[in-house]
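The values are calculated or read from the model by the stated rules, or taken from the named source; none is laboratory data. What you see is a predicted model; the values in this text were computed from it and never measured. Note: ideal-geometry Cβ built from the backbone for every residue, glycine included; neighbour counts use all protein chains shown. Side chains are part of the model used for accessible areas, which takes the heavy atoms of the whole protein and leaves out ligands, DNA and RNA. Shrake-Rupley method; radii C 1.70, N 1.55, O 1.52, S 1.80 Å.
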Amino acid sequence: RIACIDAPETAQPFGAEAADRLAQALPSGTPVTLRIVDTDRYGRRVAEAYRAGQSVGLQLVAEGYAVVYDEYLASCGATQEDYRQAEATAQAAQLNFWSQAVPLMPWDFRRGVTPTTPTASSVDTTGFPTCFAGDCDCGDFATQAAAQAVLDAEPGDRHRLDGDQDGVACESLP
């Protein structure tokens, strides 16, 4: 398991491409350096993988084949901001996974969330920050209540405001 990222599932758009890209980046027999950060609930080691000193996970995010897994990003320590910046750049350029009109996050796909496209008639965006049409993060809100309103406005958590998936957005906000 590669730390700090999540990739689309094989049955999901760009899932097969993400798997192929990882195989290209790390062909069988390629020497890698691992920085073990955790063991997941299935007993698998979770690590940052480096090939020739470059983070493979960060490369996949930068190319739009993986997304930042906010729930586990803290394990990447000093490179957290690099991951966030790479994702923002890939998203702005609409690379691969981000080329979809409404990308369904891999963790939502695994939970069986159905992708929906919000429309003016289905979601009243009055009072929401301008990021609502794209991708918001907790820093876009002054209060937890404002973030919660966005989380509650549509099914799924496409903005990833509920990191621990307990139904409460941006719990660190006042």
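Go through the stretch 69-120 residue by residue and tally those that are in contact (Cβ under 8 Å) with a residue 60 or more places away in the chain and farther than 17 Å from GLY15 by Cβ.
The total comes to 9.
Go through (1) closer than 22 Å to ASP108 by Cα; (2) in a helix (DSSP H, G or I); (3) in contact with a helix residue (DSSP H, G or I) (Cβ under 7 Å, 6 or more places away or on another chain) and name the single condition ALA16 misses.
(3)
Taking the stretch 10-56, which residues are of a type in the set (Asp, Glu) and open to solvent by 60 Å² or more (accessible area, probe 1.4 Å)?
GLU17, ASP20, ASP38
Which residue is modelled with the lowest pLDDT, if the candidates are limited to the stretch 134-161 and must be surrounded by fewer than 17 Cβ atoms within 10 Å (Cβ to Cβ) and within 19 Å of GLN85 (Cα to Cα)?
If we take residues in the stretch 134-161 being surrounded by fewer than 17 Cβ atoms within 10 Å (Cβ to Cβ) and within 19 Å of GLN85 (Cα to Cα), then GLY134 is modelled with the lowest pLDDT.
If you go through the stretch 23-46 one residue at a time, do you hit one that is in a helix (DSSP H, G or I) and free of Cβ contacts under 8 Å to residues at least 12 places away in the same chain?
yes
Regarding the stretch 55-66, can at least one residue be identified that is at pLDDT below 95 and aromatic (Phe, Trp, Tyr)?
no
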